[in-house]
Amino acid sequence: SDLSIRMASDTTIGYLPQDGIVHHGRTVHEEVVLAFEDLLALKAEQHRIEDALAHATEDGDGHDKLLERYAEVTERFKHLGGYEIDARVADVLKGLGFSLADQERRTEEFSGGWQMRIALAKLLLGRPNLLLLDEPTNHLDLAAIEWLEEAVRRRPGALLVASHDRAFLDATVTRIWELRDRRRSEEHTSELQ
(Lines give C-alpha, C1' and ligand atoms only; values in the text may rest on other atoms or scores of the structure.)
Protein backbone atom coordinates (compact mmCIF):
# COMPACT_ATOMS: atom_id res chain seq x y z
CA SER A 1 0.00 0.00 0.00
CA ASP A 2 1.06 3.58 -0.59
CA LEU A 3 2.49 5.49 2.35
CA SER A 4 1.24 9.02 2.85
CA ILE A 5 2.52 11.55 5.33
CA ARG A 6 0.39 14.51 6.35
CA MET A 7 1.51 17.38 8.56
CA ALA A 8 0.39 20.83 9.56
CA SER A 9 1.58 23.67 7.35
CA ASP A 10 3.52 25.24 10.23
CA THR A 11 5.46 22.05 11.00
CA THR A 12 9.23 22.49 11.12
CA ILE A 13 11.57 19.54 10.74
CA GLY A 14 15.16 19.26 11.92
CA TYR A 15 17.31 16.41 10.58
CA LEU A 16 20.68 15.21 11.84
CA PRO A 17 22.34 12.78 9.41
CA GLN A 18 24.81 10.19 10.66
CA ASP A 19 27.77 11.69 8.79
CA GLY A 20 28.80 13.97 5.93
CA ILE A 21 28.33 17.20 7.90
CA VAL A 22 30.84 19.94 7.10
CA HIS A 23 30.80 23.53 8.36
CA HIS A 24 33.34 26.17 7.34
CA GLY A 25 33.83 29.91 7.13
CA ARG A 26 32.57 30.88 10.60
CA THR A 27 33.42 30.41 14.24
CA VAL A 28 31.45 27.78 16.15
CA HIS A 29 29.46 30.51 17.91
CA GLU A 30 28.70 32.31 14.64
CA GLU A 31 27.56 29.05 13.06
CA VAL A 32 25.19 27.92 15.78
CA VAL A 33 23.64 31.37 16.19
CA LEU A 34 22.33 30.92 12.63
CA ALA A 35 19.68 28.71 14.24
CA PHE A 36 18.02 31.99 15.27
CA GLU A 37 17.52 33.29 11.73
CA ASP A 38 14.15 34.92 12.46
CA LEU A 39 15.39 36.59 15.63
CA LEU A 40 18.55 37.82 13.90
CA ALA A 41 16.39 39.38 11.18
CA LEU A 42 14.34 41.19 13.85
CA LYS A 43 17.53 42.40 15.54
CA ALA A 44 18.84 43.70 12.20
CA GLU A 45 15.55 45.54 11.65
CA GLN A 46 15.84 47.09 15.12
CA HIS A 47 19.25 48.47 14.17
CA ARG A 48 17.97 49.81 10.83
CA ILE A 49 15.10 51.60 12.57
CA GLU A 50 17.47 53.02 15.20
CA ASP A 51 19.65 54.43 12.41
CA ALA A 52 16.60 55.86 10.64
CA LEU A 53 15.35 57.44 13.86
CA ALA A 54 18.75 59.05 14.45
CA HIS A 55 18.43 60.86 11.11
CA ALA A 56 14.68 61.58 11.13
CA THR A 57 13.05 64.77 12.31
CA GLU A 58 10.83 64.33 15.38
CA ASP A 59 7.83 66.02 13.85
CA GLY A 60 6.06 64.21 11.05
CA ASP A 61 4.19 61.03 10.29
CA GLY A 62 7.32 59.14 9.25
CA HIS A 63 8.90 59.49 12.68
CA ASP A 64 5.75 58.20 14.41
CA LYS A 65 5.55 55.21 12.06
CA LEU A 66 9.20 54.38 12.76
CA LEU A 67 8.56 54.49 16.51
CA GLU A 68 5.48 52.30 16.13
CA ARG A 69 7.33 49.74 14.03
CA TYR A 70 10.28 49.79 16.44
CA ALA A 71 7.94 48.98 19.33
CA GLU A 72 6.40 46.09 17.35
CA VAL A 73 9.77 44.64 16.38
CA THR A 74 11.15 44.98 19.89
CA GLU A 75 8.10 43.29 21.44
CA ARG A 76 8.26 40.41 18.96
CA PHE A 77 12.01 40.01 19.57
CA LYS A 78 11.38 39.84 23.31
CA HIS A 79 8.37 37.49 22.97
CA LEU A 80 10.36 35.02 20.82
CA GLY A 81 13.23 34.93 23.33
CA GLY A 82 15.67 37.23 21.59
CA TYR A 83 17.24 38.33 24.85
CA GLU A 84 17.92 34.70 25.77
CA ILE A 85 19.96 33.78 22.67
CA ASP A 86 23.39 34.04 24.31
CA ALA A 87 22.34 32.03 27.37
CA ARG A 88 20.75 29.29 25.23
CA VAL A 89 23.80 29.07 22.95
CA ALA A 90 26.15 28.87 25.94
CA ASP A 91 24.04 26.12 27.57
CA VAL A 92 23.85 23.96 24.44
CA LEU A 93 27.49 24.31 23.44
CA LYS A 94 28.68 23.58 26.98
CA GLY A 95 26.36 20.57 27.18
CA LEU A 96 27.77 19.16 23.95
CA GLY A 97 31.34 19.55 25.21
CA PHE A 98 32.54 22.80 23.64
CA SER A 99 34.77 25.00 25.79
CA LEU A 100 34.58 28.80 25.72
CA ALA A 101 37.77 28.81 23.62
CA ASP A 102 36.23 26.29 21.19
CA GLN A 103 33.33 28.67 20.52
CA GLU A 104 35.72 31.17 18.93
CA ARG A 105 37.56 28.59 16.82
CA ARG A 106 36.76 28.19 13.13
CA THR A 107 34.37 25.36 12.38
CA GLU A 108 36.68 23.87 9.74
CA GLU A 109 39.24 23.15 12.49
CA PHE A 110 36.97 20.46 13.96
CA SER A 111 36.85 16.74 13.08
CA GLY A 112 33.78 14.96 11.72
CA GLY A 113 32.48 14.02 15.16
CA TRP A 114 32.68 17.61 16.34
CA GLN A 115 31.08 18.80 13.09
CA MET A 116 28.13 16.58 14.03
CA ARG A 117 28.01 18.25 17.47
CA ILE A 118 27.87 21.68 15.80
CA ALA A 119 24.96 20.53 13.63
CA LEU A 120 23.21 19.01 16.64
CA ALA A 121 23.61 22.27 18.57
CA LYS A 122 21.96 24.20 15.72
CA LEU A 123 19.07 21.75 15.58
CA LEU A 124 18.42 21.90 19.32
CA LEU A 125 18.60 25.70 19.33
CA GLY A 126 16.25 25.93 16.34
CA ARG A 127 13.55 23.96 18.18
CA PRO A 128 11.86 22.24 15.24
CA ASN A 129 8.46 20.62 15.85
CA LEU A 130 9.85 17.29 14.62
CA LEU A 131 13.43 16.26 15.31
CA LEU A 132 14.90 13.40 13.21
CA LEU A 133 18.18 12.03 14.55
CA ASP A 134 20.30 9.31 12.92
CA GLU A 135 22.65 7.69 15.46
CA PRO A 136 23.11 10.93 17.45
CA THR A 137 25.29 9.35 20.16
CA ASN A 138 27.92 7.91 17.80
CA HIS A 139 30.43 10.73 18.36
CA LEU A 140 29.45 11.81 21.87
CA ASP A 141 31.19 11.05 25.13
CA LEU A 142 29.20 9.96 28.18
CA ALA A 143 28.79 13.48 29.59
CA ALA A 144 27.44 14.79 26.27
CA ILE A 145 25.11 11.79 25.90
CA GLU A 146 23.66 12.37 29.37
CA TRP A 147 23.18 16.06 28.60
CA LEU A 148 21.51 15.23 25.26
CA GLU A 149 19.15 12.76 26.93
CA GLU A 150 17.93 15.48 29.27
CA ALA A 151 17.74 18.10 26.49
CA VAL A 152 15.67 15.78 24.29
CA ARG A 153 13.36 14.81 27.17
CA ARG A 154 12.53 18.41 28.07
CA ARG A 155 12.12 19.81 24.55
CA PRO A 156 8.63 20.23 23.13
CA GLY A 157 7.74 18.46 19.90
CA ALA A 158 8.19 15.00 18.46
CA LEU A 159 11.36 12.95 18.15
CA LEU A 160 12.16 10.16 15.71
CA VAL A 161 15.57 8.58 16.23
CA ALA A 162 17.47 5.72 14.62
CA SER A 163 19.94 4.33 17.13
CA HIS A 164 21.66 1.19 18.36
CA ASP A 165 22.22 2.87 21.75
CA ARG A 166 19.57 1.11 23.82
CA ALA A 167 20.35 3.15 26.96
CA PHE A 168 19.80 6.39 25.04
CA LEU A 169 16.55 5.08 23.57
CA ASP A 170 15.29 3.93 26.96
CA ALA A 171 16.02 7.40 28.38
CA THR A 172 14.39 9.40 25.59
CA VAL A 173 11.63 7.64 23.66
CA THR A 174 8.20 6.16 24.41
CA ARG A 175 8.01 3.60 21.62
CA ILE A 176 10.66 1.48 19.91
CA TRP A 177 10.42 -0.51 16.68
CA GLU A 178 13.07 -3.02 15.76
CA LEU A 179 13.54 -3.27 11.99
CA ARG A 180 15.08 -6.27 10.25
CA ASP A 181 15.15 -6.91 6.53
CA ARG A 182 13.05 -3.76 6.04
CA ARG A 183 10.25 -5.13 8.22
CA ARG A 184 9.13 -4.26 11.70
CA SER A 185 9.79 -7.46 13.62
CA GLU A 186 9.18 -6.35 17.18
CA GLU A 187 7.60 -3.44 19.00
CA HIS A 188 8.38 -2.30 22.51
CA THR A 189 6.59 0.37 24.48
CA SER A 190 8.38 2.04 27.36
CA GLU A 191 6.86 3.69 30.40
CA LEU A 192 8.42 7.10 29.68
CA GLN A 193 5.99 10.02 29.67
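The values are calculated or read from the model by the stated rules, or taken from the named source; none is laboratory data. Worth saying up front: this structure is predicted, and the values here are computed from it rather than measured. Every residue, glycine as well, gets a Cβ built from its backbone with ideal geometry; the counts of neighbours run over all protein chains shown. All accessible areas refer to the heavy atoms of the entire protein, side chains included, with ligands and DNA or RNA removed. Shrake-Rupley method; radii C 1.70, N 1.55, O 1.52, S 1.80 Å.
Summary of computed values
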quantity	calculated
Tabulated pairs, the range 150-175, first in contact (Cβ under 8 Å) with a residue 24 or more places away in the chain, second assigned to a loop (DSSP other than H, G, I, E, B) and acidic (Asp, Glu), C-beta under 8 angstrom, 6+ apart or interchain	Ala162/Glu135; Ser163/Glu135; His164/Glu135; Asp165/Glu135
Matching residues, the range 159-173, being in contact with an Asp or Glu (Cβ under 9 Å, 6 or more places away or on another chain) and either surrounded by 12 or more Cβ atoms within 10 Å (Cβ to Cβ) or small (Gly, Ala, Ser) (or both)	Val161, Ala162, Ser163, Asp165, Ala167, Phe168, Ala171, Thr172
Residue check, Pro156 surrounded by 16 or more Cβ atoms within 10 Å (Cβ to Cβ) and at pLDDT below 95	no
Candidate set: the range 132-153, residues that are outside any loop (DSSP other than H, G, I, E, B) and over 17 Å from Lys94 (Cβ atoms); chosen: the one least open to solvent (accessible area, probe 1.4 Å)	Leu133
Test: Ala101 is at pLDDT 95 or above, closer than 30 Å to Trp147 by Cβ, open to solvent by 40 Å² or more (accessible area, probe 1.4 Å) and within 14 Å of the chain's Cα centre (by Cα)	no
Boolean, Arg127 is under 20 Å from the mean Cα position of the chain (by Cα), at pLDDT 95 or above, among the basic types (Lys, Arg) and open to solvent by 20 Å² or more (accessible area, probe 1.4 Å)	no
Residues that are among the aliphatic types (A, V, I, L, M) and either open to solvent by less than 30 Å² (accessible area, probe 1.4 Å) or without any contact (Cβ under 8 Å) to a residue 12 or more places away in the chain (or both), drawn from the range 36-53	Leu39, Leu40, Ala41, Leu42, Ala44, Ile49
Search result, residues across the range 54-93 that are in contact (Cβ under 8 Å) with a residue 24 or more places away in the chain, open to solvent by 60 Å² or more (accessible area, probe 1.4 Å) and not in a helix (DSSP H, G or I)	Leu80
